[in-house]
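Take a look at the structure set out below.
The values are calculated or read from the model by the stated rules, or taken from the named source; none is laboratory data. This is a predicted model, so every value here is computed, not measured. Virtual Cβ from ideal backbone geometry, glycine too; neighbours counted across all protein chains shown. Please note that ligands, DNA and RNA were not included when accessible areas were found on the heavy atoms of the full protein model with its side chains. Shrake-Rupley method; radii C 1.70, N 1.55, O 1.52, S 1.80 Å.
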Amino acid sequence: MTLLSIARLSKSFDGVQAVDDVSFDLEAGQLLALIGPNGAGKSTCFNMINGQLKPGAGTIRFDGHDIAGMRPRNIWRLGVGRTFQIAATFNSMTVLENMQMALLSRERRIYRLFGRAASCGKDEAMTLLDLVGMTAHAQRSCAVLAYGDVKRVELAIALANNPKLLLMDEPTAGMAPQERNELMALTARLAKERNIGVLFTEHSMDVVFSHADKLVVLARGRLIAEGDAEAIRNDARVREVYLGTGASFAPRAGATL
Ligand code: ADP
Ligand code: MG
């Protein structure tokens, strides 16, 4: 069964058509990159899927549920996770403490649902840190971590809820090219191992072409192309939107999508 099915999704803000009749599907275990120039409507799509924005029109089916217009918390409960930046206030805590906080928040949900307190143990926190290769840093304060390592912890926190779908809006913002590649390679490996569908945005063409199974290209709210890296690389409309007709699609120095 298709994990996420978006059909004819639209949203406008004061006459600006931010997302215009967009449809695409995402399978479990698949990494789908939503790309497009700034203002294309990527974040608006994300925010409709995670429940922060109500769609103007269209349907969002996730794992057999129609989630369009549902509250963020209820969507999260169904298994839609997202990465959050570790807030400055949590920087003073250790990596392990941050993980335990994330688990605690999940356990409160279980408590409410089933009326029992489950343990939010150190073991599970360490298991999650192991997944992202951060056990050696467990006792360090988040404030002293390298930026790429903070991003790994954020990924581990997002995995604490066992999501079926993970939404990552610009997960590699501010990272150096090699760190970007490493984070997305790790995400791709975990997505395959745990059969998680991942929807992400990313500005580096290099990263997108290396790690996405499928790309959806938006421009001014409309879906202009969809396919694998090869298809997108050779798509005339995509070339036109990004680089001008006839230009090479090889990344220019510092080129971003
Ligand atoms: P992207 O993430 O692709 O850069 P966005 O989804 O953030 O694009 O924005 C798409 C369009 O919608 C832009 O023209 C943006 O200015 C507009 N927009 C986004 N959010 C709002 C909002 N809350 N209020 C008004 N306009 C918005
Ligand atoms: Mg955005």
Scope segment 167-223; condition within 16 Å of ligand 1 (Cβ to nearest atom) and under 11 Å from the mean Cα position of the chain (by Cα); matching residues: L167, M168, D169, E170, P171, T172, L199, F200, T201, E202
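Yes or no, residue by residue, for (1) buried (at least 19 other Cβ atoms within 10 Å of the Cβ); (2) farther than 19 Å from G174 by Cβ:
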{"position": "K122", "(1), (2)": "no, yes"}
{"position": "G133", "(1), (2)": "no, yes"}
{"position": "C142", "(1), (2)": "yes, no"}
{"position": "G148", "(1), (2)": "no, no"}
{"position": "R152", "(1), (2)": "yes, no"}
{"position": "A158", "(1), (2)": "yes, no"}
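Could you count how many residues in segment 70-85 are open to solvent by less than 40 Å² (accessible area, probe 1.4 Å) and without any contact (Cβ under 8 Å) to a residue 60 or more places away in the chain?
If we filter segment 70-85 for residues that are open to solvent by less than 40 Å² (accessible area, probe 1.4 Å), which is where we start, we get 75, 79-81, 83.
Filter once more, so that each one left must be without any contact (Cβ under 8 Å) to a residue 60 or more places away in the chain: 75.
Looking only at that region, the number is 1.
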Within segment 25-39, considering residues that are touching a helix residue (DSSP H, G or I) at 6+ places or on another chain (Cβ under 9 Å) and within 19 Å of A219 (Cβ to Cβ), the one surrounded by the fewest Cβ atoms within 10 Å (Cβ to Cβ): P37
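Looking at segment 55-69, which of its residues are without any contact (Cβ under 8 Å) to a residue 60 or more places away in the chain and either closer than 25 Å to K151 by Cβ or in contact with a strand residue (DSSP E or B) (Cβ under 9 Å, 6 or more places away or on another chain) (or both)?
Within segment 55-69, the subset without any contact (Cβ under 8 Å) to a residue 60 or more places away in the chain is 55-61, 65-69.
Within segment 55-69, P55, G56, A57, G58, T59, I60, R61, D66, I67, A68, G69 meet the criteria.
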Selection count where residues are surrounded by fewer than 15 Cβ atoms within 10 Å (Cβ to Cβ) and more than 25 Å from I224 (Cβ to Cβ), scope segment 55-69: 4
Pairs, first in the same structural domain as P55 (by TED's automatic domain parsing) in segment 1-30, second among the β-branched types (V, I, T) and open to solvent by 50 Å² or more (accessible area, probe 1.4 Å), C-beta under 9 Å, six or more apart: S5/T59; I6/T59; A7/T59; R8/T59; L9/T59
